[in-house]
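Chemist: For reference, the structure I am asking about is given below.
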Ligand code: SF4
């Protein structure tokens, strides 16, 4: 370490943190970092730390953290940012450092628990891991042997990893993956996928000229902190920021243009911007001509065979001329002049137009996927795709290394998660599970939840309780969780899992135009290994008997097939020591040695093994400046015995080169003679193109047209379920989707620093609206939904559009008994139940209590907010499958007996609403053009073998 320079214009040491004026401890001193003990002040008492990286497991960004492990106590003193992490670059939001609260949380679950009373009765006994594993493994083995594999289901909220558990399920031969995504982000994912075959954008905000966000990225968006810091970089560089949000979010406060549209009208505004660009010939003509599938549109829709691009340009002008600024203003209630100003600004951006739609309107309204589709159309018009300052397709900015084993695709199709009514659904129809089971379609014998709390998070939570408390529907429910939650109360097993500093995971996210790999690790284990100790199992270093999931899944897999006779055990077996279980160290060592280009060489420069390098720095940048992948020529080695079809798609018999990056790309169909799709003909060369059926950007979605939705096959605005014409006179719209910046669903209630900052969720209501109800800030209101109501205090604010109300879903955590659960953020409630009528009433709020943490005696807040999601019926979008969160409600002044937090629901009404929305679908049975359940090219977690895409009557023997 010889580079400790002091002049202000010189770097402190040669590492990534040189960009940050030495705000971070130099990596050369991470083995022994010294700070003065603040508690000893004014004495200068030194404390020595090992600095060990991991990644945050609060939101989905997985920012780098650096654990300061005290060399005397061996415990984590604090978490700060990891400057070596290419995505977060040393920066975190408040939730990152609060990981420490989760480690020391006095209410956390420390030992495996098994239910002894009835489900939900709160009676538990402590069991050993061996007892739990053997019992669960036996059940799973029996289901597999008896060919009841569809009765095994793993339901994940925040995965926090790239594919480990999906491969475990594949090893079991089970199509049992269920995700939360259809209550989260699948609306926008569907819109992006329809255009480019990939479901997320990777915007280059830092280099943009104009940034348009339909999201709250400065406080809570997807890949929030990494993107937020790059939005601010862009603004610092002179970019103009446009934000669409009905509510004055923190992001909106930083905008140059904040527009507050009527919810669901966003596509009308976006198409008016597109129309301005089209009518004034301001689009990138060469890009559109080369990369849009306009020929398909002309021939298949307009019947104009052989017409040229000029014909398409005329058609485009004609198609979009209806989307005037005045039309958009009438639909959105945003001034036409403001929209026109924005359109003119956007048109100046050229290829430096970055945009993002995350949740927001796309997750709120029926047809919300159209928000992302219409937003991305502007990028596609400007040619701002995979350009500096534009938007990159996510999969190209992501690196998922090939693991030690790749089990085959399951040979089955799970109808419970992928029912045939939703053939184009972006993800599993997870939030319909109670309805599907309660109407007798299936049962689940072993049901896992992981980082997931559907009773509280999903709409219609009482239907979840009805399902979970019926042993005929759920045979055995296993909750994998670090902390108590509303769903785990109804489990058979509650198994304690590690938080972000107590477990291993690998991940890579599209934070900017690069590919990086982040490594989450148990920091105390890594510190001890650095000091020369052997630590085999995370239970040796974690509190109580807290385990990590990697080890848990490997051990469970081993016990399901102890002799190897089922062919399952091989995927959990050590290569180094055959007939013994694969260790987590060997698993990651294999990946880092074999699958990450450049890592072994980089590690060798520091005389480290690749695993030691990742343990030391926690992240590795695989590649920078990925660029325009679609425009790359396909190499001759990939072109053998080729055939080119009428649309210019080129098929080849050369096998696809197996690279180390296994990012799951959609697979465009091959040709009828068994060749695979290789690229598209562009003039004299074959280019990689996009992973869509046409190989180009799909202005026209042949998939939508052929699967029953021809009227929506091009980007279109259509009125949503909350359009004014669909509301009754006294109804308003409730927006419930926004996050609080310092909370993160279930995961953060055990973070005392965060709870102190944010512990309430009043109903945002405009003064003009509040006046009609005669309510002031703090007064209680009753919000009536289609299936019940909740009672919440009002917050009168001009930060919300008049006539719309909003309430963050982050609050309202509850527990059924004083001592079970998280006492810093969960109120104790009484659960009432009579037939299909359910209710919750708060019995006590938050109060100081005695614990191992003296701070719990200093708790001053009493509120825990109001749980609203339980009063929402399910609203599955018939195309994307996304739950459409916005809803028509009636807001009234509270009744005399109403108390904050009161909830009332009739689940018979839940069932009616479920059936009403189910009737809007266009099922595969009727609409599939090829007797399959789903277009094979579309993304799907844990894809089954292709044969099982066929509808049952098409499969031999079924
Ligand atoms: S919670 Fe904050 S620190 Fe943690 S990953 Fe998300 S943005 Fe990063």
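Chemist: Need at least 2 residues that are closer than 27 Å to residue 161 by Cβ and touching a residue at least 40 places away in the same chain (Cβ under 8 Å) per element, so show me which strands (runs of 3 or more DSSP E) inside segment 610-687 make the cut, counting only ones lying wholly within it.
Modeler: Because the criterion is at least 2 residues that are closer than 27 Å to residue 161 by Cβ and touching a residue at least 40 places away in the same chain (Cβ under 8 Å), the strands (runs of 3 or more DSSP E) in segment 610-687 that meet it are 619-624.
Chemist: May I ask you to list the residues in segment 152-174 that are at pLDDT 95 or above, surrounded by fewer than 23 Cβ atoms within 10 Å (Cβ to Cβ) and assigned to a loop (DSSP other than H, G, I, E, B)?
Modeler: 173
Chemist: Output the residue which, of all residues in segment 708-755 that are surrounded by fewer than 16 Cβ atoms within 10 Å (Cβ to Cβ) and not in a loop (DSSP other than H, G, I, E, B), is nearest to the ligand (Cβ to nearest atom).
Modeler: 753
Chemist: Could you please find all residues in segment 119-134 being touching a residue at least 40 places away in the same chain (Cβ under 8 Å) and assigned to a helix (DSSP H, G or I)?
Modeler: 129, 132, 133, 134
Chemist: Okay, moving on. In segment 820-845, what residues are in contact with a strand residue (DSSP E or B) (Cβ under 6 Å, 6 or more places away or on another chain), on the phi < 0 side of the Ramachandran plot and part of a loop (DSSP other than H, G, I, E, B)?
Modeler: Answer for segment 820-845, where residues must be in contact with a strand residue (DSSP E or B) (Cβ under 6 Å, 6 or more places away or on another chain), on the phi < 0 side of the Ramachandran plot and part of a loop (DSSP other than H, G, I, E, B): 826, 836, 845.
Chemist: Residue 91 is checked against (1) in contact (Cβ under 8 Å) with a residue 60 or more places away in the chain; (2) over 25 Å from residue 819 (Cα atoms); (3) within 11 Å of the ligand (Cβ to nearest atom); (4) buried (at least 23 other Cβ atoms within 10 Å of the Cβ) and fails just one. What number does that condition carry?
Modeler: Checking residue 91 against (1) in contact (Cβ under 8 Å) with a residue 60 or more places away in the chain; (2) over 25 Å from residue 819 (Cα atoms); (3) within 11 Å of the ligand (Cβ to nearest atom); (4) buried (at least 23 other Cβ atoms within 10 Å of the Cβ), the one that fails is (4).
Chemist: Looking at residue 142, is it within 27 Å of residue 747 (Cβ to Cβ) and part of a helix (DSSP H, G or I)? Step through it out loud before you land on a result.
Modeler: Numbers: within 27 Å of residue 747 (Cβ to Cβ): no; part of a helix (DSSP H, G or I): yes.
Answer is no for this residue.
Chemist: A further question on this structure: Pairs needed: first member in segment 530-542, surrounded by fewer than 12 Cβ atoms within 10 Å (Cβ to Cβ); second member anywhere, assigned to a loop (DSSP other than H, G, I, E, B); C-beta distance under 8 Å; at least 6 residues apart or different chains.
Modeler: These pairs meet every condition: 536/583.
Chemist: Now for a different question. For segment 403-415, indicate whether the set of residues that are more than 28 Å from residue 517 (Cβ to Cβ), touching a strand residue (DSSP E or B) at 6+ places or on another chain (Cβ under 6 Å) and in contact (Cβ under 8 Å) with a residue 24 or more places away in the chain is non-empty. Explain how you work it out, then say what you get.
Modeler: Residues of segment 403-415 that are more than 28 Å from residue 517 (Cβ to Cβ), as a first pass: 411-415.
With touching a strand residue (DSSP E or B) at 6+ places or on another chain (Cβ under 6 Å) added as a condition, the list becomes none.
No, that holds for no residue.
Chemist: Restricting to segment 782-810, and then to whatever is touching a helix residue (DSSP H, G or I) at 6+ places or on another chain (Cβ under 7 Å) and not in a loop (DSSP other than H, G, I, E, B), can you tell me which residue is surrounded by the most Cβ atoms within 10 Å (Cβ to Cβ)?
Modeler: 790
Chemist: Mind listing whichever residues of segment 94-130 are surrounded by fewer than 21 Cβ atoms within 10 Å (Cβ to Cβ), away from the ligand (no atom under 14 Å from the Cβ) and within 22 Å of residue 38 (Cβ to Cβ)?
Modeler: Listed by number, the list holds a single entry, 104.
Chemist: Please go through segment 918-938 and give me each residue that is crowded, with 22+ Cβ neighbours inside 10 Å and not in a loop (DSSP other than H, G, I, E, B), ordered by number.
Modeler: Passing the criteria: only 924.
Chemist: Just checking, which of 182, 225, 178, 237 is more than 27 Å from residue 403 (Cα to Cα), away from the ligand (no atom under 16 Å from the Cβ) and in contact (Cβ under 8 Å) with a residue 40 or more places away in the chain?
Modeler: Only one candidate passes the filter, namely 182.
Chemist: Out of contact with any strand residue (DSSP E or B) (no Cβ under 7 Å at 6 or more places or on another chain) and surrounded by fewer than 16 Cβ atoms within 10 Å (Cβ to Cβ), is that true of residue 134?
Modeler: yes
Chemist: Next question, about the same structure. Can you tell me which condition residue 143 does not meet? The list is (1) out of contact with any strand residue (DSSP E or B) (no Cβ under 6 Å at 6 or more places or on another chain); (2) within 27 Å of residue 455 (Cα to Cα); (3) more than 16 Å from the ligand (Cβ to nearest atom), and all the others hold.
Modeler: All conditions pass for residue 143, except number (1).
Chemist: A follow-up question, please. So residue 61 ticks every box in (1) within 14 Å of the ligand (Cβ to nearest atom); (2) surrounded by fewer than 23 Cβ atoms within 10 Å (Cβ to Cβ) but one. Which box is left unticked?
Modeler: Unmet condition: (2).
Chemist: Could you tell me which of the residues 674, 635, 689, 670 is touching a strand residue (DSSP E or B) at 6+ places or on another chain (Cβ under 7 Å) and modelled with pLDDT under 95?
Modeler: So the residue among 674, 635, 689, 670 that is touching a strand residue (DSSP E or B) at 6+ places or on another chain (Cβ under 7 Å) and modelled with pLDDT under 95 is 670.
Chemist: Separate question: Could you tell me which numbered condition residue 109 fails, if it satisfies all but one of (1) closer than 30 Å to residue 68 by Cβ; (2) out of contact with any strand residue (DSSP E or B) (no Cβ under 8 Å at 6 or more places or on another chain)?
Modeler: Status for residue 109: all satisfied but (2).
The values are calculated or read from the model by the stated rules, or taken from the named source; none is laboratory data. In this text the structure is predicted, and so the values were computed from the model without any measurement. So basically every Cβ, Gly included, is an ideal-geometry build from the backbone, and we count neighbours across all protein chains shown.
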